[in-house]
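The values are calculated or read from the model by the stated rules, or taken from the named source; none is laboratory data. It should be emphasised that the depicted structure is a prediction, and the values quoted were computed from it without experimental measurement. Neighbour counts are summed over all protein chains in view; Cβ atoms, including those assigned to glycine, are modelled from backbone coordinates with ideal geometry.
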Amino acid sequence: MSRITRRAMVSGLAGAALLAKAGRAQAAARIVVIGGGYGGATCARALKRLGLDVTLVEPSATYVSCPFSNAVIAGLRGIEGQEFTYDALKREGVRIAPLSAVGVDGQARIATLSDGTKLSYDRLVMAPGIDLRFDALPGYDAEAASIMPHAWKAGSQTVLLRDQLRAMPDGGVFVMAAPANPYRCPPGPYERASLIAHYFKTEKPRSKIIILDAKDAFSKQRLFQAAWAQLYPGMIEWVPLSSGGKVTAVDPKAMTLTTDFQTFKASVANVIPPQRAGTIAQAAGVADRTGWCPINPSTFESTLVPNVHVIGDAAIMGAIPRSAFAANGQGKACASVIAGLLAHEDASAPRLINTCYSLVAPDYGISIAGVYRPGTPSFVEIEGSGGTSPLDAPAETRRTEAGYAEGWFRTITTDVFG
């Protein structure tokens with residue numbers, strides 16, 4: 001791991017230090033958190049530790065993690081290793097409402113749940129994650145996803161794609177449709193292609209991978225492509241936007257994906273459609289015409305609805321990528337900000353960190369890191385703060401980074417859910 005990346009990880013794990021600046025909170029204040037992913041669960045736990053009354057609205061009893069789900073697809077780990085409960089949050093006193101939020105009245109400060117329950121709040125934190133835009137690609141809808149899985153929300157879709165790859169004959173063609181920016185986890189499609197290539201190399205070596213991409217560049221591109229040339233020569237074909245890579249339609253029955261120039265026949269197809277903030281963000285009025293949620297970067301407060309803070313993948317965070325590492329840091333920083341606001345203290349501008357690991361093979365890891373500050377209108381990267389893994393790193397460095405990736409996953413899931 002590079003010096004910069006190591007520093008970013010250590011700083012990220014020390015993110016709880018932000019809470020020391022929170023000041024005195026009003027214990028009687030009622031905080032509702034919508035969404036129990038990396039951002040929402042982190043924020044709920046941090047707020048409770050500051051002595052606040054916290055209700056976490058989350059319909060699923062078990063959270064299934066997207067980070068490391070690509071390893072499940074490639075047969076490197078079981079889906080049970082991705083599953084986490086909210087028992088630890090309950091033990092700390094976080095109240096869990098096991099329902100969906102269906103509406104928010106920002107003026108009355110009331111969140112409405114799917115059974116009609118109304119929760120009053122002093123401050124509301126929304127971490128609704130993403131929804132898939134099934135209306136954005138002709139031929140692709142929720143039913144089509146049962147044939148051409150997206151696997152961009154971990155769980156049954158993850159297992160479906162894994163099982164399809166297991167059933168595919170050697171010599172088959174796996175075709176992936178990668179979306180245009182923005183979307184959850186920028187390097188995720190390319191890690192997925194890498195680990196599937198590892199599976200093919202060991203189990204089905206005559207098979208091929210085609211990535212049809214709606215953009216001309218992607219995160220950690222040079223590192224991925226150098227690794228592909230070294231580990232999987234001739235197996236992965238990346239078709240960028242400028243070469244006709246954008247998928248314009250799919251036909252699940254025919255198992256075809258069509259671009260402006262060509263139609264591709266797939267043995268197994270993975271269609272990752274465009275995305276937007278989760279449905280409740282639209283209902284609450286915190287999402288703008290882009291489908292995402294603009295915020296004040298100093299407080300995470302919605303610029304559209306007062307007293308509502310938005311964190312995680314749903315929020316427009318500028319230079320900060322949509323990642324679990326980033327959501328975890330945002331959850332802690334947002335809790336600190338809210339406690340300060342309730343105590344009538346001035347909010348200090350948060351500094352946020354992101355480190356994103358990707359596995360190209362079980363023993364080959366790469367990473368990118370950055371440090372961010374509030375800018376106009378959103379977060380900007382602090383010049384000279386970030387970096388990527390060295391392009392010419394030796395095999396030992398790649399093994400070390402793979403170990404760091406696994407260590408990070410254990411640490412963050414314990415921090416959030418353990």
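Tell me, yes or no, whether region 16-33 has at least one residue that is touching a Gly at 6+ places or on another chain (Cβ under 8 Å), under 28 Å from Trp152 (Cα atoms) and at pLDDT 95 or above.
Within region 16-33 (the criterion being touching a Gly at 6+ places or on another chain (Cβ under 8 Å), under 28 Å from Trp152 (Cα atoms) and at pLDDT 95 or above), the answer is yes, since at least one residue qualifies.
Among the residues of region 50-82, what is the count of those that are part of a helix (DSSP H, G or I) and surrounded by fewer than 18 Cβ atoms within 10 Å (Cβ to Cβ)?
Total satisfying the criteria: 3.
Just name the residue that is surrounded by the fewest Cβ atoms within 10 Å (Cβ to Cβ) out of those in region 245-257 that are within 27 Å of the chain's Cα centre (by Cα) and either of a type outside the set (D, E, K, R) or within 12 Å of Ala144 (Cβ to Cβ) (or both). Working first, answer last.
Residues of region 245-257 that are within 27 Å of the chain's Cα centre (by Cα), as a first pass: 245-250, 252, 257.
With either of a type outside the set (D, E, K, R) or within 12 Å of Ala144 (Cβ to Cβ) (or both) added as a condition, the list becomes 245, 247-250, 252, 257.
Numbers: Gly245: 22, Val247: 28, Thr248: 16, Ala249: 13, Val250: 26, Pro252: 18, Leu257: 28.
Ranking the candidates gives Ala249 first.
Among the strands (runs of 3 or more DSSP E) contained in region 260-329, which hold 1 or more residues that are touching a Phe, Trp or Tyr at 6+ places or on another chain (Cβ under 7 Å) and surrounded by fewer than 24 Cβ atoms within 10 Å (Cβ to Cβ)?
Hits in region 260-329: 268-271, 275-277.
Scan region 346-373 for residues that are touching a helix residue (DSSP H, G or I) at 6+ places or on another chain (Cβ under 8 Å), surrounded by fewer than 20 Cβ atoms within 10 Å (Cβ to Cβ) and of a type in the set (Gly, Ala, Ser) and jot them down.
Within region 346-373, Ser348 is the sole residue that qualifies.
Exactly one of (1) in contact with a helix residue (DSSP H, G or I) (Cβ under 7 Å, 6 or more places away or on another chain); (2) among the charged types (D, E, K, R); (3) under 28 Å from Ser60 (Cβ atoms) is unmet by Asp216. Its number?
(3)
Would you point out the residue of region 107-122, among those that are in contact with a Leu (Cβ under 9 Å, 6 or more places away or on another chain) and either assigned to a loop (DSSP other than H, G, I, E, B) or not aliphatic (A, V, I, L, M) (or both), that is surrounded by the fewest Cβ atoms within 10 Å (Cβ to Cβ)?
The first filter runs over region 107-122 and keeps only residues in contact with a Leu (Cβ under 9 Å, 6 or more places away or on another chain), leaving 109-115, 117, 119, 122.
The next check asks that each one be either assigned to a loop (DSSP other than H, G, I, E, B) or not aliphatic (A, V, I, L, M) (or both); those that pass are 109, 112, 114-115, 117, 122.
Values: Arg109: 18, Thr112: 16, Ser114: 13, Asp115: 10, Thr117: 12, Asp122: 17.
Here the answer is Asp115.
Could you check Ala227 against (1) surrounded by fewer than 16 Cβ atoms within 10 Å (Cβ to Cβ); (2) small (Gly, Ala, Ser); (3) part of a helix (DSSP H, G or I) and say which number it fails?
(1)
For Ile130, all conditions in the list (1) more than 23 Å from Arg192 (Cβ to Cβ); (2) in contact (Cβ under 8 Å) with a residue 40 or more places away in the chain hold save one; what is the number of the exception?
(1)
Just to be sure, is Pro138 assigned to a loop (DSSP other than H, G, I, E, B), farther than 21 Å from Gly188 by Cβ and in contact (Cβ under 8 Å) with a residue 60 or more places away in the chain?
In short, yes.
Which residues, counting only those in region 30-49, are closer than 17 Å to Thr112 by Cα and outside any loop (DSSP other than H, G, I, E, B)?
Arg30, Ile31, Val32, Val33, Ile34
Is there any pair linking a residue in region 216-234 that is in the same structural domain as Phe174 (by TED's automatic domain parsing) to one that is hydrophobic (A, V, I, L, M, F, W, C) and in a loop (DSSP other than H, G, I, E, B), with Cβ under 7 Å and at least six apart or on different chains, and which?
Arg222/Leu391; Leu223/Leu391; Ala226/Leu391
Can you go through Ala108, Ala88, Ala74, Ala101 and tell me which one is assigned by TED's automatic domain parsing to the domain that holds Ala333 and closer than 30 Å to Ala361 by Cβ?
Values: Ala108 fails: closer than 30 Å to Ala361 by Cβ; Ala88 fails: closer than 30 Å to Ala361 by Cβ; Ala101 fails: closer than 30 Å to Ala361 by Cβ.
Step by step, each of Ala108, Ala88, Ala74, Ala101 is checked, and only Ala74 is assigned by TED's automatic domain parsing to the domain that holds Ala333 and closer than 30 Å to Ala361 by Cβ.
Within region 273-294, is even one residue modelled with pLDDT of 95 or more and closer than 19 Å to Phe174 by Cα?
Yes, some residue in region 273-294 is modelled with pLDDT of 95 or more and closer than 19 Å to Phe174 by Cα.
Please work out which one of (1) under 19 Å from Val247 (Cα atoms); (2) of a type in the set (A, V, I, L, M, F, W, C); (3) outside any loop (DSSP other than H, G, I, E, B) is the condition Trp152 fails and give its number.
Here Trp152 meets the rest and fails (3).
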